[in-house]
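The structure under discussion appears below in the form of structure tokens.
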Amino acid sequence: MNDVALGDLVDFANGKPHPASDGIAYLTYGANGVIGASDHCNAEGRTSVIGRVGSYCGAVHYSPDRCWVTDNAIIATAREGVNPRYVYYLLKRLDLNRFRIGSGQPLLTQGILRRLTVRRVARDEQDSAVAVLGALDDKIAANGRVATLADDLVRARYEELTAGATTSIRIDQLGSPVRSTVAAKRIRPDENYIALEHMPKRHLWLASWTGASAVTSPKRRFQPGDVLFGRLRPYFHKVGLAFVGGVASTDILVVRPERETHRGWLLAALSSDDVVAHASAVGDGTRMPRAKWPDLAAYEVPWTGDGDARRFDEFVRPLARRVEAAVHENRTLADLRDTLLPTLIP
């Protein structure tokens, strides 16, 4: 018999509520990946994490290290003789969201997962598939670490330069907003589209975007080199540099540098903890606060002169180019991985 129940290959267990005491020892996974860190763990390394409830029901992530998994997700552990990373790719291949139950609040249960049938694959075939797919994902992860390191370097240099600043400059002297919107009917379906969900938290580089084919409302155009600032619930700290042109959600402010040599300073300033905290404090609304450009425009950030701003931009520019190359390479690698997945994991 070539088919086997998924429950014969994988053990499933629900995650648990996030522990009250946070730490940094272990990453914490929710329904759609990492949401924080903790000093506790409830899952061993080489574990797959499946979104259990909500809009990310069926999303699959892989943790190479011990971690904490919340009650919004299911822990999937390979049984003896099964390659743990093969389990991850198998779960990705199954497109688990289509097996959810419920409409208002989608849900995926352990029982549903255990009863799914899959092809029985010998261990050597599992290992061969993982060798190819894993190499692609390892390179994607390495590029992601490059982006994180570049982010850390930019923030550290900005903090170093501004630590002893005795003067300040208004944000609207560094950049200005793109105010005009474009009607949905004038947006080509193949244009790049960035919404808030494509913007990572507290990360300077915008590495994700999608096509605009599903856009049905007016958007704002942006260009490569613009700084995008998530104005809806600004405390989520979504601020980053655009590597491509396209259209953005109107919940995002598009800020264009006044001078090319001010781009780095504008990016670092808008993404600083002080500016994000200010935007969060003055945003309109309680449940869904929105920051407005006039509140940001008048805010003063540390300034050490045009010379420092120019040298800082010269420091940021090659880092941004390196990250941009990694971003585009990762999209190519991810496309190749996704193309190979159904062939290597039948």
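Couple of notes before you dig in:
- Which listed residue is farther than 23 Å from residue 88 by Cα and touching a Lys or Arg at 6+ places or on another chain (Cβ under 6 Å), from 300, 324: 300
- Filtered by the rule that a residue be touching a residue at least 40 places away in the same chain (Cβ under 8 Å) and either open to solvent by less than 40 Å² (accessible area, probe 1.4 Å) or touching a helix residue (DSSP H, G or I) at 6+ places or on another chain (Cβ under 7 Å) (or both), the stretch 221-230 gives 222, 226, 227, 229.
- Candidates 281, 325, 269, filtered to the one that is open to solvent by less than 40 Å² (accessible area, probe 1.4 Å) and farther than 30 Å from residue 119 by Cα: 269
- Here 346, 342 are screened, and the one residue that is open to solvent by 20 Å² or more (accessible area, probe 1.4 Å), closer than 30 Å to residue 118 by Cα and touching a strand residue (DSSP E or B) at 6+ places or on another chain (Cβ under 9 Å) is 346.
- Restricting attention to the stretch 129-165 and to residues that are open to solvent by 70 Å² or more (accessible area, probe 1.4 Å) and in contact (Cβ under 8 Å) with a residue 24 or more places away in the chain, the residue that is nearest to residue 201 (Cα to Cα) turns out to be 153.
- Residues located in the stretch 196-219, provided they are exposed (fewer than 14 other Cβ atoms within 10 Å of the Cβ) and either farther than 16 Å from residue 238 by Cβ or of a type in the set (Val, Ile, Thr) (or both): 211, 213, 214, 216, 217
- Of all residues in the stretch 7-28, those satisfying the criterion of being modelled with pLDDT under 95 and either in a strand (DSSP E or B) or on the phi > 0 side of the Ramachandran plot (or both) are 26, 27, 28.
- Count of residues meeting criterion [surrounded by 14 or more Cβ atoms within 10 Å (Cβ to Cβ) and within 20 Å of residue 77 (Cβ to Cβ)] in the stretch 35-51: 11
- Pair list, Cβ under 9 Å, 6 or more apart: the stretch 200-218 residue in contact (Cβ under 8 Å) with a residue 12 or more places away in the chain and on the phi > 0 side of the Ramachandran plot, other residue open to solvent by less than 40 Å² (accessible area, probe 1.4 Å) and among the hydroxyl-bearing types (Ser, Thr, Tyr): 202/271
- Counting the residues of the stretch 83-119 that are of a type in the set (A, V, I, L, M), open to solvent by 20 Å² or more (accessible area, probe 1.4 Å), at pLDDT 95 or above and touching a Leu at 6+ places or on another chain (Cβ under 6 Å) gives 1.
The values are calculated or read from the model by the stated rules, or taken from the named source; none is laboratory data. Small disclaimer: the values here were computed from a predicted structure and weren't measured. We place every Cβ from the backbone using ideal geometry, glycine too, and count neighbours over all the protein chains shown. Side chains included, ligands, DNA and RNA excluded: accessible areas come from the protein's heavy atoms. Shrake-Rupley method; radii C 1.70, N 1.55, O 1.52, S 1.80 Å.
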